[in-house]
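The values are calculated or read from the model by the stated rules, or taken from the named source; none is laboratory data. Fair warning: this is a prediction, and the values are worked out from it, not measured in the lab. Because the Cβ atoms are built from the backbone with ideal geometry, glycine has one as well, and the counts that use them run over all protein chains shown. We work out accessible area using only protein heavy atoms, side chains counted, and drop any ligands, DNA or RNA first. Shrake-Rupley method; radii C 1.70, N 1.55, O 1.52, S 1.80 Å.
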Amino acid sequence: MWEGGSSRNLDITFQECNSMIPYLPFLMGNQFDIQAYADKYPTRTKIIRLLALAHHCHGRNDDREIEALKIAYKEAKKGKDVQLFATVIEKINGRLYPEYDMDEDWCNEVIRNWEENRVRLGEEASKCQDDYEKGLAYAEDDTKAACKKAANMFYMHGEADAARVWYLAAIRYCRVEVEYWEMFMRFVLLFIEWGNFPRAQYTAIEGLKHKHDFNMDSFTENTLHSTIGLTSIRYRSFTHAALRFLQTGKEVGNQFSMILADHDIATYGALCTLATFEQEELQDCIFENKDFQSYLDSMIEVKELLHDFCSRDYSSVFRHLANLREWLLFDIHLFDRFEELHEKIRKKAIVQYVRPFSVIDLKTMAEIFNTSVEDLKKELVTLILDDQIKAKIDSIENVLHVRTDDTIANFKKLLERCSEIERDARTILLFNAVFNYPLVRNEE
């Protein structure tokens, strides 16, 4: 959107980014393809995410740290941010070949060209503003374009504070709603990139409050929902995050990849939903949500995880979660939230597994949940003390006795369902008897 040196690159919109992002799966089983992952994002976002990945891999004797830094080095030299390039060099710390050392010539050239242009850009924008104040007819569009160009150039060179000032100036001259909201979303991007999540959430919420005042388009509305979902994860408000991601319309797709790609929306939304919603709610919230289904199509691992959870195939559920761990422990936004979400999902799975039974063999259950009997007992004790499971553990026989009141309630539900099936069958038989319609056609 804002990367590159040409004037055309400076005017790329959020929507146009979609055509630049290749669709290649980056997670196949437990194999995490860093290059395919990086290619999901535009240049600057790609570098920032790769630096985060390398940072969280550091000290683990993980080859992915070096691979991420190699890609980040090459991508940084495609841009104009010398400070970001220096950060990549600092992370490499002389551990790679000489071609990955500091390139002083490149840095000096970028700095020299920028020093020549930054004053001129500021002067051009200031002159256009003066012309506008004088009431010249042509000045408004020229001023808007000049402020926007200056903001994009400052952002591209890593001067976010100056970029914010010029974006604010550009908003003043936006008379078309689409242009206004595009400038507004660039503010949100700046706050996310700075890690200022409180300000990003406040800005997004205020934007939604005034969506009717400025005729907010559906793309902006849905990107703000996903932004609030992201900031809610940082606050550990997982239920709120799930609701916001589930509200994100399919038209966003991968067009918001400067902050969240389509697979991010699918993964963050699905994990928050599994961790906080009851199983009965999943059908309506996810499987009948066509918009969210479009995001799940971009992340098959997550889609299969959801289906396996609802079909009670818990061995497969935790295999999918183990595969996702290969990525999410190093993800820029979920690295310190994944284990917490994993624990919440595991507790829900255990409660859901226990519910239909009166007596459970702990050895069998431990195999399903890929743990030892003793560790499973500890998990069950915690859930019993939290009153999430009403049961007693027989440590001698290694069985779990579920209290009968829960079992009776579940049995009653089963009987009610059987009655519904019987009623439907009787209705079909009566229909065929009245209309003399054969259930099975006689074939000659």
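Could you check region 411-433 and list, in sequence order, the residues that are among the acidic types (Asp, Glu) and modelled with pLDDT of 80 or more? Please lay out each step first, then the result.
Taking region 411-433 first, the residues among the acidic types (Asp, Glu) are 416, 420, 422, 424.
Once the filter is applied, which keeps residues that are among the acidic types (Asp, Glu) and modelled with pLDDT of 80 or more, region 411-433 yields Glu416, Glu420, Glu422.
Residue count for region 268-288, restricted to those that are more than 17 Å from the chain's Cα centre (by Cα) and of a type in the set (S, T, N, Q): 2.
Please work out which residue is farthest from Thr273 (Cα to Cα), limiting yourself to region 208-226 and to residues that are polar (S, T, N, Q) and surrounded by 15 or more Cβ atoms within 10 Å (Cβ to Cβ).
This residue is Thr220.
For region 343-369, which positions are surrounded by 15 or more Cβ atoms within 10 Å (Cβ to Cβ) and more than 26 Å from Glu288 (Cβ to Cβ)? Listed by number, the residues that qualify are Ile350, Val354, Phe357, Ser358, Ile360, Leu362, Met365, Ala366, Ile368, Phe369.
Rundown of residues vs (1) at pLDDT below 90; (2) open to solvent by 30 Å² or more (accessible area, probe 1.4 Å); (3) under 22 Å from Leu296 (Cα atoms), yes/no style:
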position: Trp2; (1), (2), (3): yes, no, no
position: Ile12; (1), (2), (3): yes, no, no
position: Phe26; (1), (2), (3): yes, no, yes
position: Leu51; (1), (2), (3): no, no, no
position: Glu65; (1), (2), (3): no, no, no
position: Tyr73; (1), (2), (3): no, no, no
position: Leu84; (1), (2), (3): no, no, no
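No other residue among Tyr173, Tyr202 is hydroxyl-bearing (Ser, Thr, Tyr) and surrounded by 15 or more Cβ atoms within 10 Å (Cβ to Cβ) apart from Tyr173. Return the residues of region 178-193 that are touching a helix residue (DSSP H, G or I) at 6+ places or on another chain (Cβ under 7 Å) and farther than 16 Å from Asn152 by Cβ; say none if nothing qualifies. Of everything in region 178-193, those that are touching a helix residue (DSSP H, G or I) at 6+ places or on another chain (Cβ under 7 Å) and farther than 16 Å from Asn152 by Cβ turn out to be Tyr180, Trp181, Phe191, Ile192. Phe309 versus (1) over 16 Å from the mean Cα position of the chain (by Cα); (2) surrounded by fewer than 20 Cβ atoms within 10 Å (Cβ to Cβ): which is the lone unmet condition? For Phe309, the exception is condition (2). Just one of the listed residues (Lys390, Lys377) is more than 21 Å from Ala322 (Cα to Cα) and touching an Asp or Glu at 6+ places or on another chain (Cβ under 6 Å), and it is Lys390.
In region 149-158, the count of residues that are open to solvent by less than 30 Å² (accessible area, probe 1.4 Å) and over 31 Å from the mean Cα position of the chain (by Cα) is zero. Of the set (1) outside the structural domain of Glu340 (by the TED database); (2) crowded, with 23+ Cβ neighbours inside 10 Å; (3) among the β-branched types (Val, Ile, Thr), all apply to Val165 but (2).
Given the structure, is Ser298 among the small types (Gly, Ala, Ser), over 20 Å from Ala322 (Cα atoms) and surrounded by fewer than 24 Cβ atoms within 10 Å (Cβ to Cβ)? No. Of the helices (runs of 4 or more DSSP H) lying entirely inside region 255-363, those containing at least 3 residues that are in contact with a Phe, Trp or Tyr (Cβ under 9 Å, 6 or more places away or on another chain) and over 30 Å from Tyr155 (Cα atoms) are 262-276, 300-310, 314-328, 338-354. Of all residues in region 102-130, none that is at positive phi has its Cβ atom under 8 Å from the Cβ atom of a residue that is of a type outside the set (Ser, Thr, Tyr) and open to solvent by 50 Å² or more (accessible area, probe 1.4 Å), 6 or more apart or on another chain. Residues that are charged (D, E, K, R) and under 22 Å from Tyr41 (Cα atoms) within region 177-225 comprise Glu182, Arg186, Glu193, Glu221, listed in sequence order.
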